[in-house]
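The values are calculated or read from the model by the stated rules, or taken from the named source; none is laboratory data. Source: prediction; values computed, not measured. Backbone-built Cβ (ideal geometry, glycine too); neighbour counts: all protein chains shown. Only protein heavy atoms, including side chains, enter the accessible area calculation; ligands, DNA and RNA are left aside. Shrake-Rupley method; radii C 1.70, N 1.55, O 1.52, S 1.80 Å.
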Amino acid sequence: MQILSIHLKNIKSHRDTELSFSAGINVLSGPNGAGKSTVFEAIGYAMFGVDAKDFVSNVERFLSIGSKKGEISVVFRADDGETYRVSRTVGAAAKWLLAREIGGLFEVEDHARLEETEARVAEILGLSNGRPLAEQFKLVIGPFQNDFLGPFVIKQPTKRQEAFDEILGIDAWRKTYKGTAALLSAVQERMKVLAAEVAGKQEQLVVLPDKSAELTANRSDLVLRQQELTDKETTLVALETLLGEQEAQEKAISALSNEVQLLENRIKDGNAKTAEQKLRVEESQKALKIVDESKSGKEAFDKAEALLTALRRQEQQRRVVEQEIAGLEKESLRLSQLLAHERDEIDKSGNQLAGEQEKLHTSRIELQPDAHLPATAARLAGVKMEIETLKGQRSLLDGRRESLLEGREKLAGGVCPFFQEQCRNIAGSEPRDVFSSRFADLDRLASDLDGKLKQLDMQLKEAEAAEKELSSRAIRLQELDKQLAALEERRSKNNQRSAGLDTIITQHAGAAGRVEARRGELKAFADLDAAIVQSEQERLQHQPARDACTANLNVAQDLENRLQQQTKMERLLKELTEEITARQAELADKKSRFRIELLLQSRQDKEKLLADRATLRQQIIDLDRNAGRLETEIARLNKIHVEILGKQAEIKSYDEKEKLVKFLRNQLFKNVSSQLSERFREEISLRADRIYRTIAESDEELYWGDNYQIILKDMQDGSMRERSDDQLSGGQMMSAVVALRLALLQTIGARVAFFDEPTSNLDAARRENLAHAFRAIDVGREEVTEHWYDQLFLVSHDVAFSEITDKIIEL
């Protein structure tokens with residue numbers, strides 16, 4: 001497997017960086033802050049799924065300053081020769097995509113979840129060992145710079161053992177042994193709880209036989225009470241039939257008595273209403289007489305009322321004419337005032353326009369330029385060209401002067417200005433003065449040019465001032481033209497306003513004519529007020545006769561209706577008298593055939609039977625409820641019996657589980673973890689020892705001891721000496737950690753590895769040996785170890801790596 005390239009966009013200091021890698025050893029070099037470690041972090045993030053928060057406290061700090069989103073793309077070639085590109089974005093809604101190269105283009109594989117993408121990448125990299133890719137990267141393949149020594153320097157043996165068991169993937173056995181302790185305790189505790197529950201439930205089953213006997217007696221008593229209730233209900237049905245017949249007779253007598261009483265009340269009310277109706281008939285007869293006497297007075301009132309209504313209508317018409325005259329007079333006055341105002345305004349505007357036109361004409365004459373001003377402005381372009389020419393000549397003089405100065409300095413030192421070497425022709429003699437006269441000529445020419453430039457500058461200022469004055473006058477003349485156009489427009493409007501005076505004069509004459517015509521119409525209403533007064537007096541004279549007629553007219557007209565009502569009432573009263581006589585005879589007959597004492601006795605018997613029936617029903621309900629309670633309790637006790645059997649079977653099952661858990665813990669889980677740890681340590685120690693000897697160039701033996709403690713063995717004074725990690729120097733410890741990490745990588749089968757500053761705390765010799773150890777591994781030298789990786793990535797400032805690396809990448 002080989003990583004071909006990486007592209008970082010908006011990742012920390014890398015705004016847009018693309019790097020390519022070669023097979024073998026790749027060294028990233030550059031000053032601090034150039035982003036070397038960021039490249040490793042980016043590969044871990046995009047290719048191994050490491051969380052960005054493992055690098056920085058906040059995801060936003062993994063992005064370039066000011067960026068909201070970043071992206072990392074890594075292109076690599078798998079062992080089967082296929083090329084893939086894995087890309088992952090940083091920021092909101094981050095995506096992780098895997099694409100395979102097909103025909104020169106990358107085609108994205110379809111994965112529904114991030115877990116599917118991780119599993120596919122792990123399969124391609126050959127790291128499908130059941131552990132997350134991120135853990136493999138952080139722990140072994142590419143530990144962070146601050147975590148390189150990491151678990152190797154943990155002082156507590158137990159914590160160090162847990163850390164390396166996790167790295168080697170054998171912590172599951174130890175964790176299972178510890179976890180099953182809680183399981184064993186839970187099983188034993190459950191057996192105790194079940195035994196206690198069985199004992200408690202067996203105490204409850206003692207009352208089961210007594211409850212069964214009580215239920216049998218309760219059911220026998222219930223049958224007797226139900227038979228007695230049936231007999232009572234049969235007797236009650238017969239009694240209710242007899243009582244119904246007697247109560248029907250009582251109801252008939254009561255209904256007939258009510259009818260007789262109702263008829264008596266209706267006859268009494270009829271007599272009172274008949275007397276009242278006779279009084280109403282007499283009232284109508286009197287009202288008819290009053291209407292006949294006041295009929296002529298009412299007719300005279302109505303005639304006066306109609307005449308007064310017509311006169312009031314004429315009065316309203318007169319008021320309308322008067323209002324129209326007032327409006328017309330007001331309109332005539334308004335038009336008169338408007339005519340005077342318009343005439344004044346028109347005269348005033350005409351005088352103002354004439355004065356403004358005179359002022360504009362005077363201003364135009366004043367703005368006309370004299371002949372000298374255009375001629376001065378016309379010389380501007382020529383003066384500028386002449387100034388540019390003289391400035392060019394002046395620059396040439398300055399250049400010649402500089403060249404003479406340089407030549408004089410070089411000749412003074414005896415250096416030829418052309419060949420830039422010591423001149424042999426003047427060796428040992430003073431050079432003659434050939435520059436003073438030339439400097440004097442140049443100064444004289446420069447002084448003449450400066451005088452001419454000064455005069456031309458004065459002419460330039462005069463020409464620019466003249467051109468500016470001409471431009472200003474042209475603008476002011478344009479403004480005067482606009483003012484004249486506006487003045488003509490105002491004069492045109494004033495003339496239109498003057499022409500509108502004829503219309504106002506015509507309107508004023510028409511309004512005055514309409515006023516005179518309306519005043520002539522008012523003469524027709526001259527006698528209207530006198531006629532209104534006379535009509536009101538006549539209406540007031542006949543008012544009493546009209547009021548009397550109106551007040552009695554409705555009563556008089558109702559006389560015939562009241563007579564008919566009186567006749568109808570007298571006929572109905574006679575019919576009621578005949579009907580009450582017949583009802584009274586029928587009531588006397590029914591009372592003679594009815595016996596009240598038999599009805600009362602039957603009611604007492606019924607009440608007694610109802611009470612007895614209610615008592616029996618309540619007793620039956622109580623017995624039935626008691627039977628239900630007993631059945632529920634017996635069912636509950638039977639259920640408890642079944643539960644006891646189930647819990648006894650469960651106790652037996654848990655007893656078997658307890659035996660199995662004890663066997664697994666004591667015979668399997670307790671020993672496998674330590675045995676695997678010992679096997680791994682032996683294999684890794686052999687590989688690491690060969691690497692360490694190459695780095696350190698010593699006969700010290702590196703051994704990974706119990707609890708993963710680093711131990712160095714050597715011979716001192718003829719005896720074996722062992723030193724643990726806390727007795728080693730920084731260089732020895734760093735060399736041992738590098739050797740063990742290389743051996744770990746080979747053991748887990750990783751084909752690529754990352755080392756960030758692995759030469760820290762190493763002296764020059766050890767740094768050089770470490771570099772050669774990497775190269776020896778790369779070429780598969782037997783005295784170090786066999787070749788096991790495809791690529792090795794290093795971040796280092798050490799020049800020792802420049803000799804052994806396949807590619808150096810400068811950042």
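Looking at region 66-97 only, could you name the residues that are more than 24 Å from Lys12 (Cβ to Cβ) and open to solvent by less than 80 Å² (accessible area, probe 1.4 Å)?
Going residue by residue through region 66-97, those that are more than 24 Å from Lys12 (Cβ to Cβ) are 77-84.
If the condition is that a residue be more than 24 Å from Lys12 (Cβ to Cβ) and open to solvent by less than 80 Å² (accessible area, probe 1.4 Å), then Ala78, Gly81, Glu82, Thr83, Tyr84 are the ones that fit.
So which residues in region 255-283 are of a type in the set (A, V, I, L, M, F, W, C), surrounded by 14 or more Cβ atoms within 10 Å (Cβ to Cβ) and under 30 Å from Asn561 (Cα atoms)? Quick ask: steps written out before the conclusion?
Pass one, region 255-283, residues of a type in the set (A, V, I, L, M, F, W, C): 255-256, 260, 262-263, 267, 272, 275, 279, 281.
Cutting the leftovers down to surrounded by 14 or more Cβ atoms within 10 Å (Cβ to Cβ) gives us 256, 260, 263, 267, 281.
If the condition is that a residue be of a type in the set (A, V, I, L, M, F, W, C), surrounded by 14 or more Cβ atoms within 10 Å (Cβ to Cβ) and under 30 Å from Asn561 (Cα atoms), then Leu263, Ile267, Val281 are the ones that fit.
Within region 238-254, how many residues turn out to be more than 14 Å from Arg593 (Cα to Cα), of a type in the set (A, V, I, L, M) and surrounded by 12 or more Cβ atoms within 10 Å (Cβ to Cβ)?
Residues flagged as more than 14 Å from Arg593 (Cα to Cα), of a type in the set (A, V, I, L, M) and surrounded by 12 or more Cβ atoms within 10 Å (Cβ to Cβ) within region 238-254 amount to 3.
For (1) in contact (Cβ under 8 Å) with a residue 60 or more places away in the chain; (2) under 18 Å from Glu489 (Cβ atoms); (3) assigned to a helix (DSSP H, G or I); (4) within 60 Å of the chain's Cα centre (by Cα), each residue gets a yes or a no:
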residue	(1), (2), (3), (4)
Ala340	no, no, yes, no
Asp344	no, no, yes, no
Ser349	yes, yes, yes, no
Gln352	no, yes, yes, no
Glu356	yes, yes, yes, no
Thr362	no, no, yes, no
Ile365	no, no, yes, no
Leu373	yes, no, yes, no
Val383	yes, no, yes, no
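Checking the conditions here, which among Glu607, Glu575, Glu597 is within 30 Å of Asp231 (Cα to Cα), out of contact with any Leu (no Cβ under 6 Å at 6 or more places or on another chain) and modelled with pLDDT of 80 or more?
Details: Glu575 fails: within 30 Å of Asp231 (Cα to Cα); Glu597 fails: modelled with pLDDT of 80 or more.
When all the criteria are applied, what remains is Glu607.
Report those helices (runs of 4 or more DSSP H) wholly inside region 85-204 carrying at least 1 residues which are within 23 Å of Ser37 (Cα to Cα) and among the hydrophobic types (A, V, I, L, M, F, W, C).
Details: elements: 114-125, 133-136, 157-168, 171-204.
Qualifying helices (runs of 4 or more DSSP H): 114-125, 133-136, 157-168.
Based on this model, can you work out whether Arg490 counts as at pLDDT 80 or above, under 30 Å from Glu245 (Cα atoms) and part of a helix (DSSP H, G or I)? Steps first, answer last, please.
Working: at pLDDT 80 or above: yes; under 30 Å from Glu245 (Cα atoms): no; part of a helix (DSSP H, G or I): yes.
Judged against the criteria, Arg490 is not a match.
Could you go through region 518-525 and let me know if any residue there is farther than 30 Å from Leu279 by Cβ, among the hydrophobic types (A, V, I, L, M, F, W, C) and loosely packed, with under 14 Cβ neighbours inside 10 Å. Don't jump to the end; show me each part of the working.
The first filter runs over region 518-525 and keeps only residues farther than 30 Å from Leu279 by Cβ, leaving 518-525.
If we keep only those that are among the hydrophobic types (A, V, I, L, M, F, W, C) as well, we get 522, 524-525.
Applying the additional criterion that residues be loosely packed, with under 14 Cβ neighbours inside 10 Å yields 522, 524.
Within region 518-525 (the criterion being farther than 30 Å from Leu279 by Cβ, among the hydrophobic types (A, V, I, L, M, F, W, C) and loosely packed, with under 14 Cβ neighbours inside 10 Å), the answer is yes, since at least one residue qualifies.
Every residue, every condition in (1) more than 60 Å from the chain's Cα centre (by Cα); (2) more than 17 Å from Leu208 (Cβ to Cβ); (3) open to solvent by 90 Å² or more (accessible area, probe 1.4 Å), yes or no:
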site	(1), (2), (3)
Asp589	yes, yes, no
Glu597	yes, yes, yes
Leu610	yes, yes, no
Thr615	yes, yes, no
Leu623	yes, yes, no
Glu631	yes, no, no
Ala635	no, no, no
Lys639	no, no, yes
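Could you check, for region 27-43, whether at least one of its residues is within 13 Å of Ala134 (Cα to Cα) and open to solvent by less than 10 Å² (accessible area, probe 1.4 Å)?
Within region 27-43, one or more residues are within 13 Å of Ala134 (Cα to Cα) and open to solvent by less than 10 Å² (accessible area, probe 1.4 Å).
Please go through region 184-194 and give me each residue that is open to solvent by 40 Å² or more (accessible area, probe 1.4 Å) and either farther than 26 Å from Leu645 by Cβ or of a type in the set (Val, Ile, Thr) (or both), ordered by number. Write out each step before concluding.
First, the residues of region 184-194 that are open to solvent by 40 Å² or more (accessible area, probe 1.4 Å): 185-186, 188-190, 192-193.
Matches in region 184-194: Ser185, Val193.
Out of Gln667, Gln709, Gln716, Gln675, report the one residue that is surrounded by 12 or more Cβ atoms within 10 Å (Cβ to Cβ) and polar (S, T, N, Q). Let's see the steps before the verdict.
Details: Gln667 fails: surrounded by 12 or more Cβ atoms within 10 Å (Cβ to Cβ); Gln716 fails: surrounded by 12 or more Cβ atoms within 10 Å (Cβ to Cβ); Gln675 fails: surrounded by 12 or more Cβ atoms within 10 Å (Cβ to Cβ).
Step by step, each of Gln667, Gln709, Gln716, Gln675 is checked, and only Gln709 is surrounded by 12 or more Cβ atoms within 10 Å (Cβ to Cβ) and polar (S, T, N, Q).
Just one of Val50, Val27, Val39, Val56 is in a loop (DSSP other than H, G, I, E, B) and either of a type outside the set (A, V, I, L, M) or touching a residue at least 24 places away in the same chain (Cβ under 8 Å) (or both); which is it? Don't jump to the end; show me each part of the working.
Values: Val27 fails: in a loop (DSSP other than H, G, I, E, B); Val39 fails: in a loop (DSSP other than H, G, I, E, B); Val56 fails: either of a type outside the set (A, V, I, L, M) or touching a residue at least 24 places away in the same chain (Cβ under 8 Å) (or both).
Exactly one residue qualifies, and that residue is Val50.
Filter region 166-206 down to the residues that are more than 14 Å from Lys657 (Cβ to Cβ), acidic (Asp, Glu) and modelled with pLDDT of 75 or more and list them by number.
Glu197, Glu203
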